[in-house]
Amino acid sequence: MAKRPPVYILITPDGQARWGHQLAVAEEAMGPHGIGRSFLTPQARLRIAAPNSAHARPDQYAPNPYAAQVLAHLVGLPPHSTPETRGPVALYGFDPTNERDRTRPLTTPERNTINRALTAAGCTTT
């Protein structure tokens with residue numbers, strides 16, 4: 001049986017990056033204060049999920065320079081030009097027709113691009 005591709009990568013403030021299959025697992029790691037979601041770019045099929053109130057609760061959500069660097073790399077911006085990112089951040093494949101959780105498996109080209117961004121940011125992937 002072939003291994004199924006992941007639907008998300010979760011990047012924590014300590015630079016750990018974990019691939020996963022159920023977005024709810026990543027969302028649980030983001031804490032109890034709600035989840036904010038955004039498209040990586042207007043035309044992207046990738047979305048970002050992060051703690052909704054991370055900036056309002058800096059004592060509870062550490063800065064995440066690793067996620068900021070990954071996101072900057074993916075959209076082709078210099079890392080210093082991205083907004084501050086706090087707490088765990090997930091990047092996931094988006095499928096608006098999936099009524100269960102709106103996710104889809106990440107494609108091989110997407111995973112390859114994300115892996116290059118993780119490497120450039122100095123993340124440790126597990």
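Considering only residues that are within 15 Å of CYS123 (Cα to Cα) and either touching a residue at least 60 places away in the same chain (Cβ under 8 Å) or open to solvent by 30 Å² or more (accessible area, probe 1.4 Å) (or both), which ones fall in the stretch 32-70?
Matches in the stretch 32-70: PRO63, PRO65, TYR66, GLN69.
If you check every pair at least six apart or on different chains, which have Cβ atoms under 7 Å apart with a residue in the stretch 1-27 that is farther than 14 Å from ALA121 by Cβ and acidic (Asp, Glu) first and a residue that is open to solvent by 10 Å² or more (accessible area, probe 1.4 Å) and not in a loop (DSSP other than H, G, I, E, B) second?
GLU27/ILE35
Being of a type in the set (D, E, K, R) and open to solvent by less than 20 Å² (accessible area, probe 1.4 Å) is the filter here; which residues of the stretch 104-126 pass it?
Matches in the stretch 104-126: ARG104 only.
The values are calculated or read from the model by the stated rules, or taken from the named source; none is laboratory data. Just so it is clear, the model here is predicted, and its values are computed rather than measured. Note that each Cβ is placed from the backbone with ideal geometry, even for glycine, and that neighbours are counted across all protein chains shown. The area values use the complete protein model at the heavy-atom level, side chains included, leaving out ligands, DNA and RNA. Shrake-Rupley method; radii C 1.70, N 1.55, O 1.52, S 1.80 Å.
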